[in-house]
1. Could you tell me how many of the residues in segment 263-295 are out of contact with any Phe, Trp or Tyr (no Cβ under 6 Å at 6 or more places or on another chain) and over 17 Å from TYR376 (Cβ atoms)?
2. Which pairs do you get when a residue that is modelled with pLDDT of 95 or more, found in segment 255-277, comes within reach of a residue that is more than 9 Å from the ligand (Cβ to nearest atom) and of a type in the set (Lys, Arg), reach meaning Cβ atoms under 6 angstrom, with the pair 6+ apart or on two chains?
3. Taking ARG190 as the residue in question, decide whether it is within 16 Å of the ligand (Cβ to nearest atom) and either open to solvent by 80 Å² or more (accessible area, probe 1.4 Å) or not assigned by TED's automatic domain parsing to the domain that holds LYS115 (or both).
4. Which residue is most open to solvent (accessible area, probe 1.4 Å), if the candidates are limited to segment 151-174 and must be more than 20 Å from GLY225 (Cβ to Cβ) and in contact (Cβ under 8 Å) with a residue 40 or more places away in the chain?
5. Out of segment 359-392, which residues are within 16 Å of THR50 (Cβ to Cβ), open to solvent by less than 60 Å² (accessible area, probe 1.4 Å) and outside any loop (DSSP other than H, G, I, E, B)?
6. What are the residues in segment 15-54 that are hydroxyl-bearing (Ser, Thr, Tyr) and either closer than 25 Å to SER108 by Cβ or in contact with a strand residue (DSSP E or B) (Cβ under 7 Å, 6 or more places away or on another chain) (or both), if any?
7. What are the residues in segment 248-277 that are in a helix (DSSP H, G or I), open to solvent by less than 20 Å² (accessible area, probe 1.4 Å) and small (Gly, Ala, Ser), if any?
Amino acid sequence: MRQSDRSGVFAPPTPAFVIDVPILDDFVSRFQQALDKHWPNSILSYSFKTNSLPWLVSFMRDRGVWAEVVSDTEYELALALGYAPDRIVYNGPVKSRALLRYALQGDSIVNLDAKREVTWTAEFAREHPEKELAVGLRVNWDLESLCPGESTTGDEASRFGFNADNGELDQVISELTSAGVRVAGLHMHRNSRSQSLGVYRAAASVAADLTISRELDLEWIDIGGGFFGSKEASPTFDDYVAVVRETLGHAVDPQRTRLIVEPGGSLIAVPVEFHASVVDVKDVGPHTFVVTDASRTNIDPLFRRQRRFETRLETKATESRPKQIISGFTCMEDDRLTRLTDAPALEPGDRIVFYKVGGYTMCYQSQFIEYLPAVYVRQGETLTQVRHKWGVNEYLQGSRWYENGELMGAAALGSPATTRKTPAGRTANSPG
Ligand SMILES: Cc1ncc(COP(=O)(O)O)c(C=O)c1O
């Protein structure tokens with residue numbers, strides 16, 4: 001599809017996300033190169049939760065990037081989109097027993113996060129003495145004490161993983177070992193306020209200490225995600241992997257122990273734009289409201305963003321306005337996407353492009369008033385639609401409702417989801 005906007009750049013009907021393929025390709029390649037340089041025996045996995053658009057998942061798969069999933073549903077999505085179990089890193093605090101067993105059987109990289117998962121793994125090992133089982137453990141470690149000011153939880157600790165200081169981690173190691181399960185990995189992901197190298201140095205140093213003090217023979221150290229992703233600014237992917245290698249080098253043999261990284265936002269935030277059109281311009285006293293066909297729910301779904309968006313305006317305006325409040329289509333007063341200062345005076349039909357909106361946006365889309373916007377991918381001058389705008393049909397799918405006293409819905413709509421069996425033996429999306 002070729003569709004030119006006023007500036008001559010090929011652009012889609014609005015509202016829509018646009019993924020720039022060469023930029024995405026460049027981000028993935030740069031991360032892979034950093035790993036190849038500092039830790040060739042490594043796994044680049046992509047954090048599905050950040051943005052699991054099916055096209056994107058298939059793009060990652062075709063580039064050899066593994067799937068990093070944190071729920072049964074994400075695991076099933078990885079399978080549905082062609083990932084083999086042994087190319088999946090299975091994390092997350094709430095795994096089901098059935099899918100955990102499936103993942104262990106299929107040689108996924110499994111990082112346990114809850115005591116019931118330990119019990120289920122030990123039980124599986126006793127049932128299958130013929131199978132060599134190896135799992136990783138998510139470590140609950142104290143980021144704040146090593147990097148003051150970095151914790152996102154304030155006084156309250158992180159709730160993820162097994163605490164290394166109160167004996168819980170050791171208890172779990174001994175429960176697994178006595179069931180014949182090898183503790184083969186440590187998972188170190190922590191959320192932090194900054195994306196500084198110090199956080200990764202701290203994670204790697206905790207992993208090194210545990211490896212040495214617990215005499216672990218590790219097949220993998222998973223350093224998690226949370227990296228900063230920019231082509232121009234630092235830290236670069238190369239800086240991160242170099243620091244991790246430098247910190248861990250004395251504790252593990254990098255030929256034997258694989259480094260796993262799970263980037264999400266650092267790969268997908270920058271390559272994605274959101275295109276909106278101006279629908280109306282209203283002056284209210286000294287204020288100018290520019291109403292668009294987009295919403296803050298599209299690009300700032302948690303309404304938390306502090307920084308302004310980088311934008312491009314496509315307009316023929318010759319005059320400027322001191323301030324314009326760019327607003328959304330919803331009925332919420334705070335659906336205000338950004339404020340423009342001393343910018344061209346926008347008019348209906350003008351286009352606003354918001355940059356760097358690929359992380360934690362599409363995956364958090366609301367169903368408030370409108371459903372999911374369309375998504376296009378751009379390769380040079382070619383735009384390909386990879387998701388159409390969701391409307392009433394998609395909204396009704398999987399639901400049931402009454403018509404003339406009769407229960408209509410999922411089955412009547414012929415949704416394949418009503419019968420599809422998942423690997424765990426559950427029936428996906430079945431009503432009732
Ligand atoms: C376990 C785990 N891995 C990877 C990520 C991806 O993080 P990011 O998108 O910041 O790279 C997250 C995000 O919170 C996570 O919880």
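The values are calculated or read from the model by the stated rules, or taken from the named source; none is laboratory data. What you are looking at is a predicted structure, and each value in this text was computed from that prediction instead of being measured. Because the Cβ atoms are built from the backbone with ideal geometry, glycine has one as well, and the counts that use them run over all protein chains shown. All accessible areas refer to the heavy atoms of the entire protein, side chains included, with ligands and DNA or RNA removed. Shrake-Rupley method; radii C 1.70, N 1.55, O 1.52, S 1.80 Å.
1. 17
2. Pairs found: ALA269/LYS356; VAL270/LYS356; SER277/ARG351.
3. No.
4. ASP170
5. Once the filter is applied, which keeps residues that are within 16 Å of THR50 (Cβ to Cβ), open to solvent by less than 60 Å² (accessible area, probe 1.4 Å) and outside any loop (DSSP other than H, G, I, E, B), segment 359-392 yields MET362, CYS363, VAL375.
6. SER42, SER45, TYR46, SER47, THR50, SER52
7. Matches in segment 248-277: SER266 only.
Condition check ((1) free of Cβ contacts under 8 Å to residues at least 24 places away in the same chain; (2) under 19 Å from LEU259 (Cα atoms)) across all residues:
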position	(1), (2)
ALA78	no, no
GLY106	yes, no
VAL139	no, yes
GLU144	yes, no
